[in-house]
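> Quick one: this structure, given as structure tokens, is what I'll be asking you about.
The values are calculated or read from the model by the stated rules, or taken from the named source; none is laboratory data. The model shown is predicted, which means the values in this text are computed figures rather than measured ones. Note that each Cβ is placed from the backbone with ideal geometry, even for glycine, and that neighbours are counted across all protein chains shown.
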Amino acid sequence: MLSPPSWETLTTLKLRDVPPVYAARILARTPALEHCWMRIWDDQPQPVSERSIVLVRLETFILDARQRKSMDELLRALVLPALQKFAIKEAFLNSLAPGFNSGEKDVASALLRLLQRWGCNASLSKLTILRSEELIDNDEQEKIRTSLPTSHFEILDDTEEWEPVEWGADWNPQGVL
């Protein structure tokens with residue numbers, strides 16, 4: 001494990017299979033972070049105690065979640081004003097949309113609210129959704145494009161091998177925590 005001074009200077013981080021509560025604690029200790037790829041897994045949700053996690057240098061954020069029970073608390077705590085590239089698994093968007101269980105989901109609006117909450121609407125240049133379900137129809141895609149006119153928006157088929165090599169970070173597996 002890294003010592004506390006190392007966390008403070010870390011610029012690239014890839015976390016695999018960590019609960020949101022631990023991810024929040026780690027992110028709160030990495031103010032220099034520029035690139036982050038998180039694969040969240042949570043079988044026993046615990047509340048996230050951090051209320052505001054400000055990462056003013058974070059440019060790249062990839063969010064993968066196997067179980068999404070307690071992700072909302074973590075996402076609400078984030079402030080990412082410099083975010084330029086964001087990728088998210090489509091299956092995760094389920095939990096962001098109000099009324100999901102009732103069948104009245106508005107995935108595009110939920111995603112746009114999240115980006116607005118993070119404060120990155122002006123800085124975001126690339127938004128990628130990794131398709132695993134057919135949640136975002138053509139109308140919702142158009143809503144996203146219209147709301148983020150300066151961002152390149154794409155939907156890619158979700159594969160375990162997807163590697164965003166062009167996203168400006170070395171996601172070398174030896175550096176995975």
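> Give me the residue from the range 137-166 that is under 19 Å from PHE61 (Cβ atoms) and touching an Asp or Glu at 6+ places or on another chain (Cβ under 9 Å) and, out of that set, modelled with the highest pLDDT.
Taking the candidates together, the pick is ILE155.
> Please state which one of ARG51, ARG16, ARG39, ARG76 is surrounded by fewer than 21 Cβ atoms within 10 Å (Cβ to Cβ) and either modelled with pLDDT of 90 or more or part of a loop (DSSP other than H, G, I, E, B) (or both).
Of ARG51, ARG16, ARG39, ARG76, the one residue that is surrounded by fewer than 21 Cβ atoms within 10 Å (Cβ to Cβ) and either modelled with pLDDT of 90 or more or part of a loop (DSSP other than H, G, I, E, B) (or both) is ARG51.
> Could you go through the range 23-30 and let me know if any residue there is at pLDDT 80 or above, loosely packed, with under 14 Cβ neighbours inside 10 Å, of a type in the set (Gly, Ala, Ser) and out of contact with any Pro (no Cβ under 6 Å at 6 or more places or on another chain).
No: zero hits.
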